[in-house]
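Q: One structure, as structure tokens, below. Some questions next.
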Amino acid sequence: MKSSYITSKLRRAVLAGACAVLAAGAMTSCDDMLDMKPQGQFTASQLDDESIEGLMAAAYAGLQSHFFGNNEAFAGPITNWIFDVRSDDAYKGGGGVSMEGNIHQLEVSNIQSDNVSIFNKWQNNFYAVSRCNKAIQAVTNSEASDKENLIAQLKTLRAYFYFDLIRIFDRIPYFTENDNPNEARYDQYTRDEIFGFIKSDLADAYKVLPETQSQVGRFNKYVAAAIHAKVSAFTSSWSEVEQYADYVISSGRYRLYQNFLDMSKIEFNNQYESVMAIQFSTANNNANINWCNLLNTTYSAGNLYGNGDDFFLASQNLVNAFRTDDNGLPILDGTFNDVKVTTNYPGNVDPRLDFTVGRIGMPFRGYTYTMEWTRAYDVYGEYSGKKGLIDPNSPDMVQGFPWGASPLNFILIRYADIVLLKAEALIEQNKQLGDARELINSVRRKAARSVDPSYTPVDCNPNIASYYVAEYPAEGWNQDYARRAVRMERRLELAMEGNRWFDLVRWGNVVETMNEYFRTESLLRPYYESATMTADETYFPVPLSEVENAGGLYN
């Protein structure tokens, strides 16, 4: 199948931003608006600061993937946990394989043409792109004093949504504010051309955007640089990765958390490692909480988190990857998965394991994680995710539904991600390998200092687990070893944050990795027994319903 875009969906997308602005004062519904004849456009004088602010807010709201209901946010979220389920890091979770069967299809690489998760992902991002384009048109024609800054923010947003699409779908239509999306064909541009458009927008935005914005969460120049580094890594443009990652690092505006737990503390929203984050809030009757990850709240004995759905659990393979040797280093010779790590595992583990997932008998935000915290232990085992959950005793956490909800932001790009991307860029260019090692070691030092039982809420227990993470020595540090080290470090540091699948794709080893994972993990999870993956399943075709309703544009 080929990429497509539904004209009717497009009309809804174009109106989505306007509906968001009008909702507070208009009685006409968005569906009614679809049937109305055009009544003209705003004039420059009508676009006052309040109107422009509404359009900007609507464009940024695209990051929440929460347009007309909850399910498209659950099944096609911008946080991309459903694509980590495609990787060797995670199981779907939930009550069983039939629950949200569309996501189960992703997990076992048996994807049907009408898969709603794929449809929702496509729909969410193109709604968001259209909001950006409409806002760019409006701001361009306005008399806003900060016009260049506003347009650069919107182009950065649009670039991110397009990047998210092109790393998931094989071919996509690409259109800007100056194009008629109803005429945009899937084959108008190659993948390379689309990556070029994305990079061009980001490079231009970096030059225009200020170092800081007056409003928290608005994109600055370093957000554009960080996205550029991510895009360039996906195209293996290593000198560009180095350049744009270094813009972020040399800015001096970001630093690694003092403790790994800090990413799960509301008081550190938009601080330290937060380069690009989705802003969440419990205001307005919880309208803007993290619906994307709502399903992933642990079941929690005692109803601490509202008896969550317990989706998105870590795989045993990921847990085993946190093993460290007698020198405190990861197992990089391919045998890390030969030994199963359990709570009573006698060897060393990286402490980031217990800041990432719940293990039976270990602390979980100050409580003890037990089998009662798991929803379907016989199917998925333990290892509920931790990173998106705050201390359940916090007054900032919603009690009951939405379970586990809080004002905790979701960080789409962490500073540690950029640090490791620069290290990877140096390694791939086979230069300054010592500098690359120091970058990796700086991340490992954070892991080591996080073993602090006095830091609350408690998530690690050195009386049970043997935590040992050390720095890589200079001896034996060549390109091949360094490459294996940085790839493992990305897996450990960024686990369960929506990065693993995309890393495997850009490294070119996704098929080999996944088929080996299916083979070994099936010994624990029988539903993997018939799972296989081929290269042509890496990227998705456009959703079938989009093809059928595109008026022949994508045939």
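Q: May I ask you to derive the relative contact order of region 362-489, considering only C-alpha pairs under 8 Å and at least 6 residues apart, and to give it as an integer percent?
A: 28 percent
Q: When the distances between all Cα atoms of region 433-544 are binned every 10 Å from zero, what whole-number percent does each bin get?
A: 11, 28, 32, 23, 6, 0
Q: Taking H placed 1.01 Å from N in the peptide plane, check which residues at least 5 places from SER315 or on another chain put their amide H under 5 Å from its amide H.
A: Those qualifying (amide H under 5 Å, at least 5 residues apart or on another chain) are ALA90, TYR91.
Q: Debye calculation, C-alpha points only, no solvent: report log10 I(q)/I(0) for region 262-382 at q = 0.16 Å⁻¹, in the same order as the q values.
A: Debye curve over Cα of region 262-382, log10 I(q)/I(0) at q = 0.16 Å⁻¹: -0.95.
Q: Using the Karplus curve 6.51 cos²θ - 1.76 cosθ + 1.60 with θ = phi - 60°, what ³J(HN,Hα) values do you get for each residue of region 329-346, in whole Hz, with x for Gly and Pro?
A: With coefficients 6.51, -1.76 and 1.60, one gets 10, x, 8, 9, 8, x, 10, 4, 8, 6, 10, 8, 8, 10, 4, 9, 4, x Hz.
Q: Return the Rg/Rh value of region 220-295, two decimal places, where both radii are evaluated on C-alpha atoms and Rh is the Kirkwood radius.
A: Result for region 220-295 is an Rg/Rh of 1.06.
Q: What residues qualify as long-range amide H neighbours of GLU100, i.e. H under 5 Å apart, gap of 5 or more or another chain, H built at 1.01 Å from N?
A: Amide H neighbours of GLU100: none.
Q: I would also like to ask the following. Regarding region 90-248, what is the average projected area of its C-alpha convex hull, in nm²?
A: Working: hull surface 46.5 nm².
Computed as one quarter of the Cα hull surface, the answer is 11.6 nm².
Q: Exposed loop GluC sites (Glu not before Pro) only (DSSP loop, at most 14 other Cβ atoms within 10 Å): please give the longest stretch of the chain free of them, not including the sites.
A: 212-474
Q: Post the alpha-carbon centroid distance, region 262-329 to region 71-112, in whole angstrom.
A: Between the Cα centres of region 262-329 and region 71-112 lies a distance of 17 Å.
Q: Sticking with this structure for a sec: At what distance in angstrom do the alpha carbon centres of region 404-425 and region 205-223 lie from each other?
A: 17 Å
Q: Calculate, in nm to one decimal, what THR513 and ASP179 gain on full extension: separation in residues at 0.36 nm each, minus their alpha carbon distance.
A: Full extension from THR513 to ASP179 adds 116.2 nm.
Q: Still on this structure, I have one more. With everything on Cα atoms, drop me the angle between helix 49-60 and the longest principal axis of the chain, reported from 0 to 90° to the nearest 10.
A: Here the helix axis deviates by roughly 40 degrees.
Q: So who's got an amide H within less than 5 Å of the one on MET362, skipping anything under 5 residues away but keeping other chains? H placed 1.01 Å off N, in plane.
A: The list, which skips near neighbours in sequence, is TYR369.
Q: Contact order normalised by length for the chain, with contacts defined as Cα pairs under 8 Å and 6 or more residues apart; what percent is it?
A: 21 percent
Q: I would also like to ask the following. Please compute the volume of the convex hull spanned by the alpha-carbon atoms of the chain and report it per residue in Å³. Let's see the in-between values first.
A: Numbers: hull volume 78.3 nm³, N = 555.
In the chain, the Cα convex hull volume per residue is 141 Å³.
Q: Now, a different point. Checking the table LYS134/LYS221; LYS199/LYS386; LYS134/LYS265 against a 32 Å threshold on Cα-Cα, which pairs fail? Show your work: numbers first, answer last.
A: Working: LYS134/LYS221 22 Å; LYS199/LYS386 34 Å; LYS134/LYS265 35 Å.
Distance filter (> 32 Å) returns LYS199/LYS386; LYS134/LYS265.
Q: Cross-link partners among aspartates and glutamates for LYS121, C-alpha distance below 13 Å, same-chain residues fewer than 8 apart left out?
A: By straight Cα distance, LYS121 reaches GLU72, ASP164, GLU546.
Q: What is region 172-248 by shape, rounded, prolate or oblate, if you read a ≥ b ≥ c off the alpha carbon gyration tensor as root eigenvalues and call it rounded for a/c under 1.5, prolate for a/b larger than b/c, and oblate otherwise? Don't skip to the answer; put the middle values down first.
A: Numbers: a/c = 3.10, a/b = 1.41, b/c = 2.20.
The shape class here is oblate.
Q: Just need log10 I(q)/I(0) for region 387-444 at q = 0.14, 0.17, 0.20, 0.21 Å⁻¹, Debye formula, equal scatterers on the alpha-carbon atoms, no solvent, rounded to two decimals.
A: Per q value, in the given order, log10 I(q)/I(0) is -0.56, -0.64, -0.72, -0.76.
Q: Give the aspartates and glutamates whose C-alpha is closer than 14 Å to that of LYS431, dropping any in the same chain fewer than 8 places away, or say none.
A: Partners found: GLU242, ASP480.
Q: Per-residue HN-Hα couplings for region 178-190, Karplus 6.51 cos²θ - 1.76 cosθ + 1.60 at θ = phi - 60°, whole Hz, x for Gly and Pro?
A: After applying 6.51 cos²θ - 1.76 cosθ + 1.60, I find 9, 10, 8, x, 6, 10, 7, 8, 5, 9, 5, 10, 7 Hz.
Q: Starting from the Cα of GLU53, step 7 Å toward the Cβ, then list every residue of region 193-220 with an amide N under 13 Å from that point.
A: Counting only backbone N, you get 214-216.
Q: Rounded to two decimals, what is the ratio between the C-alpha radius of gyration of region 427-493 and 2.2 N^0.38 Å?
A: 1.32
Q: In whole Hz and in residue order, list the ³J(HN,Hα) couplings for region 515-524 that follow from phi through the Karplus curve 6.51 cos²θ - 1.76 cosθ + 1.60, θ = phi - 60°; x for Gly and Pro.
A: Values, residue by residue: 5, 5, 4, 4, 5, 7, 6, 5, 5, 9 Hz.
A short reminder: the numbers here are calculations on the coordinates, not readings from a lab. Note that the structure is a prediction, hence the values are computed from the model and not measured. So basically every Cβ, Gly included, is an ideal-geometry build from the backbone, and we count neighbours across all protein chains shown.
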